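To start, the structure under review is shown below, and the notes come after it.
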Amino acid sequence: MFDYKLLDALAAVITHGSFEKAAQVLAITQSAVSQRIKLLEQRMGRPLLIRSSPVKPSPAGRQLLRHAQQVQSLESQLMETLSGEKTVNWQTVRLAVNADSLATWLPAVLKGLFEHEILTELTVNDQDVTTEYLKKGEVMGCLASSARVVQGCHCEFLGNMEYIAVATPKFYQTFHKEPFSKVPTVHFGRQDELQNRFLKKYFQLEPGQFPAHILPSVEAILEAARSGIAYGIVPRMQASPYLLDNELVEMTPGKSLSVPLYWHYWQLETTVLKRVSTLMTREARKQLQCFQ
C-alpha cells in the first residue's frame, strides 16, 4: 500500500517544479518535503525525480504521478457519491490540446465545462506529440492526430480538420502563376510539419525550398494572410467567414490537407471526466462535420 502523504509530496514537487513551492502548497517545511520524497524513493528503490530546474519526474515518477492523480479523482468522486454533495465547488482538469483546435472549436467545450464548475489547465502543442503528456501522467486527456491507444486510456475518433491555403485576392493575383518555391508563406515554427506536408504533397517542395515568415501563433498566421504579406495554411473552419466575405480566397483551389483528431483520456469512471468526454466528442463532431 502507498502512503498517500508521500505521493502528495511527489505530485506537488512535480506540478510546481520545486521543493520550495511544493512546501508552500502543502503548508509544511521544505525539509519535510525532502524527507517524504527521500522516503518514497527508498521504498520504491529508484529515483523518482530529476533534480533539475524546474524539477522533473523520472520515468517511475511519472507513473506514480499519474496514479496519484487518478486516486485523487476517484476519491473526490466517491466523496460526492457518499455525501450527495460536491466536495469542492470548482474542479480543474489538465488537458493537452493542439493550437488549431483551441483557436476554433474548443472554446465551446471550455464554456460548457465552465457551466458545470470545471476549470481547465491546458498545455498547447502540436497534435502529433500531445499523447506524450498523457503517457507522462501530466494530463488526464489530450487531442491527438494518432489513433494509437495509450496504455490505461480510451481513444475516440472526433473527425478530420481540413486545412487549406488562403490569401488576399491581391496576393493571389500577384503570385498564383509563380512556382510555389518563390511564393512567401508563413510558418508556425521552424519545424512546421503541417506546412511541410502540404507543400511536399502538392508541390514536391522540401523544408527550406520556399520563403517563409515564422509567426508562432495560429491567429497570427491568419492575420498574416489577411494583411497580404503571405499565404497561410489554416483550418477551413477558421478561414470560412473571410472566404464568404471574399476577403480571402483559396490559393490552391481543390487542394487541402485533412488531419484526423482523436480524443484520448484516462479509463476512469468519474463524473468530471465523463462530462469532459461528452462535451469534447459532441462539440468536435458537430463542428468538424460542418467543414468536411
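Cα centroids of segment 205-227 and segment 1-68: 42 Å apart.
Where in segment 1-82 are there GluC sites (Glu not before Pro) that are in a DSSP coil and have at most 15 other Cβ atoms within 10 angstrom of their Cβ?
Working: sites: Glu20, Glu41, Glu75, Glu80; in loops: none.
Here no GluC sites (Glu not before Pro) fit, given the DSSP loop and packing criteria.
Quick check: net charge around Gly152, other residues with Cβ under 10 Å of its Cβ, Lys/Arg +1 and Asp/Glu -1? It works out to a net charge of +2.
With a sphere of radius 13 Å drawn around the Cβ of Gly17, what net charge do the other residues whose Cβ falls strictly inside it have (Lys, Arg +1; Asp, Glu -1)?
Working: positive: Lys21, Arg51, Lys56; negative: Glu20, Glu138.
Local net charge: +1.
Straight Cα distances below 18 angstrom link Lys170 to the aspartates and glutamates Glu178, Glu223, Asp245, Glu247, Glu250, with same-chain residues fewer than 8 positions distant left out.
The local environment of Tyr242, defined by Cβ-Cβ distances under 15 Å, has a net charge of -2 under the rule Lys, Arg +1 and Asp, Glu -1. Considering all C-alpha pairs of segment 1-86, those separated by over 23 Å amount to 23%.
Work out which trypsin sites (Lys or Arg not before Pro) in the chain are exposed loop sites (DSSP not H, G, I, E or B, at most 11 other Cβ within 10 Å) and give the longest gap free of them. Longest site-free region, per DSSP loop and neighbour criteria: 191-292. Here the sum of -39500 (n - 2.57) over DSSP H runs of 4 or more residues, divided by the residues of the chain, equals -14000 deg cm²/dmol at 222 nm, to the nearest 500. Taking other Cβ atoms within 10 Å as a rough exposure proxy, Val124, Val272 sort from fewest to most as Val124, Val272.
Cut-off under 16 Å on the C-alpha distance; same-chain residues fewer than 8 positions from Lys5 excluded. Which aspartates and glutamates are left, in chain and number order? Result set, ordered by chain and number: Glu41, Glu75. Considering only Thr15, Thr281, Thr29, the Gaussian network model of the chain with Cα springs below 10 Å gives its largest mean-square fluctuation to Thr29.
Among the listed options (i) 1.31; (ii) 1.19; (iii) 0.96, the one matching Cα Rg over 2.2 N^0.38 Å as calculated from these coordinates is (ii). Put in line by how crowded their Cβ is, counting other Cβ atoms within 10 Å and starting with the fewest, Asp128, Asp100, Asp8, Asp245 read Asp245, Asp128, Asp8, Asp100.
Coordinate-derived values only; no laboratory data. In this text, all values refer to a predicted model and were calculated from it rather than measured experimentally. Positions of Cβ are generated from backbone atoms using ideal geometry, with glycine treated the same way; all protein chains shown enter the neighbour counts.
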